[in-house]
Amino acid sequence: MKTYHRALTIAGSDSGGGAGIQADLKTFSALGCFGMSVITALTAQNTREVTGIFPVPSEFIGQQIDAVLSDIGTDAVKIGMLHSPEVINIVAQHLKKWGIPNLVLDPVMVAKSGDKLLQDDAVTALKQTLIPLANIITPNLPEASVLLGRPVISRTDMDTAVRDLADLGCPHVLLKGGHLEETGSHDLLFSTDTGRLRELPGKRVSTPNSHGTGCTLSSAICAGLARGMDMEDAVAQAKTYITAALTAGADFSIGHGHGPVHHFHALWPDP
């Protein structure tokens, strides 16, 4: 019998469909994986704003993890929005129990609209409990600034920051440079096992449709790992995928704010 490449996302639900669980599952499907989900919170949001967050009780989040992993299992896990220390701790506890092979952590803190998605006291729990369990973390510059407690705003800052982030206990760090005021969109990948620092150049796509970019990138890395790629290849594939998704999504109009990237750009026929 054939088997699927399995990928699990643990994140919040985006009612607008552009980020969170919805973006993760679309990415998994587009990249050849069977996607599963553990929902940590429900959000009422659209392309313009987050109008409400309804947290899922931490005990039930643990039940979801156990239900999926006790039966289906997974080849890789992506973690997104975890809004409180209680949720972070329960997720860490259950993932330890199941011995996850590939764990991608996107430290989601703020929505594209600017709405806060992470409680202030959850940052410490994230650094102490979950980051050391992850195989790779994928912060952008504002998230790196919060994690390190200092501004990370320039290309020079990134060189030092990516290594300091690795000191939090994660073997691979992808520091995303999308917030740099440059013509390109350059990311840095640092691996502690080899000490290698790799720059991943990319073109900057001019588009308002960038909602879910971080969720999609981290999910694409997760999909690559689930399919058996090594970390560098998984990250490079994900970078190519998100750039193409941003480029294709720029041609569409949906909503009145930050629209989504085009997750199925390689599969849909031209309209």
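The values are calculated or read from the model by the stated rules, or taken from the named source; none is laboratory data. For clarity, every value in this text was computed on a predicted model and none was experimentally measured. Glycine gets a Cβ as well: all are built from the backbone with ideal geometry, and neighbour counts include every protein chain shown. We work out accessible area using only protein heavy atoms, side chains counted, and drop any ligands, DNA or RNA first. Shrake-Rupley method; radii C 1.70, N 1.55, O 1.52, S 1.80 Å.
Using heavy atoms of the protein chains and a probe of 1.4 Å, the accessible area assigned to F60 is about 110 Å². Estimated at 0.36 nm per residue, the fully extended path between Q93 and M1 surpasses their Cα-Cα distance by 29.8 nm. Counting only protein heavy atoms and using a 1.4 Å probe, what share of the accessible area of the chain belongs to carbon plus sulfur, as a whole percent? About 54 percent, which is the carbon plus sulfur part of the accessible surface. Modelled spin-label separation between W268 and Q128, with each label point placed 7 Å from Cα along the Cα-to-Cβ direction: 4.5 nm. Based on DSSP H segments of at least four residues, each scored -39500 (n - 2.57), the chain has a per-residue ellipticity at 222 nm of -11000 deg cm²/dmol.
For the listed peptides 236-244, 63-71, a ranking on the average number of other beta carbons within 10 Å per residue, highest first, reads 236-244, 63-71. Each peptide in 122-132, 73-83, 27-37 gets a packing score, the mean of other Cβ atoms within 10 Å over its residues, and the list from highest to lowest is 73-83, 27-37, 122-132.
Once the Cβ-Cβ distance between D167 and R198 is put in as r, and R0 is 22 Å, what FRET efficiency do you end up with, to the nearest 0.05?
That pair, D167 with R198, gives E of 0.75.
Computed packing ranks the peptides 199-209, 185-195 as 185-195, 199-209, most packed first, by mean other Cβ atoms within 10 Å. Net charge near G149: determine it from the other residues with C-beta under 15 Å of the C-beta of G149, scoring Lys and Arg +1 and Asp and Glu -1. The answer is -4.
For A7, the shell of other residues with beta-carbons less than 15 Å away shows a net charge of +1, using +1 for Lys and Arg and -1 for Asp and Glu.
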